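The values are calculated or read from the model by the stated rules, or taken from the named source; none is laboratory data. Computed from a prediction, not measured in an experiment: that's the story for all the values here. Here the Cβ positions follow ideal geometry from the backbone for every residue, glycine too, while neighbour counts run over all protein chains shown.
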Amino acid sequence: MVEYILNLNSIFGALSDPTRRDILSRVGDKELSISEIAKFYQLTFAAISKHLNVLEKAHLILKRRQGKQQLVQLAPAALKDASEYLKHYESLWNDRLDSLEQYLEAIQK
Amino acid sequence: MTENHSPNGKSQELVITRVFNAPRELVWKAWIESARLAQWWGPKGFKMMVAKLDLRPQGVFHYSMQAPNGPEMWGKFVFQEIVAPEKIVFINSFSDKDGGITPNPYMPNWPLEVMNTLTLEESNGKTTLTLRGGPINATELQAKTFEEGRPSMQQGFIGTWEQLDNYLAKNS
């Protein structure tokens, strides 16, 4: 249970970086090797590896070895979890703000 | 009503905006006076009781909510920044009667602490409320605060809803 709580935090942390979000959008379409991914960015191979490690730790991507290459693909389950959480958060706040609105109307009558 | 862009165009936060037909001073009071907060904060039918309200940075608002015929649940805010009458930054979490941090009793898998930034702007007698928020890792935040000497917000959010929806649409 504790592991899972931390993971949702690490998902949001992983997604907070624009390069990582961009990487996810590319491997969402198809599996890519690390060197193919690196071609899209003006970053060192080491920097890209670092980004991929963060994504992997958050269970947002899966890596598999094929011969000499490491292939990367999107693991969408984690994104679904994060999305559900945000939707819940949004709906909780909308209900609360509805309540605030009713309160403000009532006290100004 | 809900967007995901902050004013400088960086798509990193979940933002909720509402306009209330009330002057800002009243909206501000609704947030910081415990008797008023008790009237609208909790879910419908819940009775809210304030154990403690200490309105200053690192001060705590500790409260319980009693479900009708149900268990008592505790929550707390830890204030980070307060600028009357326009801004409150606070970390919200579930709690226990001793003021600790506990998981959401219904969703134990979800993040323990949420950082919220509330701002109020008035125009023509109406108040625009903007809420930015999302999960934080308290340990990281504490470490950052120690280093930087001031509260900082972990920008731990998804980019745009569209991007996320795209990923999910393509991959489900």
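Points to keep in mind about this one:
- Any hit, region A:44-60, residues being free of Cβ contacts under 8 Å to residues at least 12 places away in the same chain and closer than 30 Å to B:GLY42 by Cα: no
- Test for A:SER35: is it free of Cβ contacts under 8 Å to residues at least 24 places away in the same chain and among the hydroxyl-bearing types (Ser, Thr, Tyr): no
- Residue match in region A:85-94 (condition: more than 21 Å from the chain's Cα centre (by Cα), surrounded by 14 or more Cβ atoms within 10 Å (Cβ to Cβ) and outside any strand (DSSP E or B)): yes
- Filtering region B:113-135 for residues that are modelled with pLDDT under 75 and part of a loop (DSSP other than H, G, I, E, B) leaves an empty set.
- Check on A:LYS39, within 20 Å of A:LEU79 (Cα to Cα), more than 14 Å from every other protein chain (Cβ to nearest Cβ) and out of contact with any Ser or Thr (no Cβ under 8 Å at 6 or more places or on another chain): no
- Qualifying positions in region B:10-43 - at pLDDT below 95 and among the aromatic types (Phe, Trp, Tyr): B:TRP31, B:TRP40, B:TRP41
- Tally, over region A:42-57, of residues that are surrounded by 15 or more Cβ atoms within 10 Å (Cβ to Cβ) and not in a helix (DSSP H, G or I): 0
- Any hit, region A:29-37, residues being buried (at least 19 other Cβ atoms within 10 Å of the Cβ) and small (Gly, Ala, Ser): no
- Flag if B:THR139 is of a type in the set (Val, Ile, Thr) and either modelled with pLDDT under 75 or not in a strand (DSSP E or B) (or both): yes
- Matching residues, region A:76-103, being facing another protein chain (nearest Cβ under 9 Å) and over 18 Å from B:PRO43 (Cβ atoms): A:PRO76, A:LEU79, A:LYS80, A:ASP81, A:ALA82, A:SER83, A:TYR85, A:LEU86
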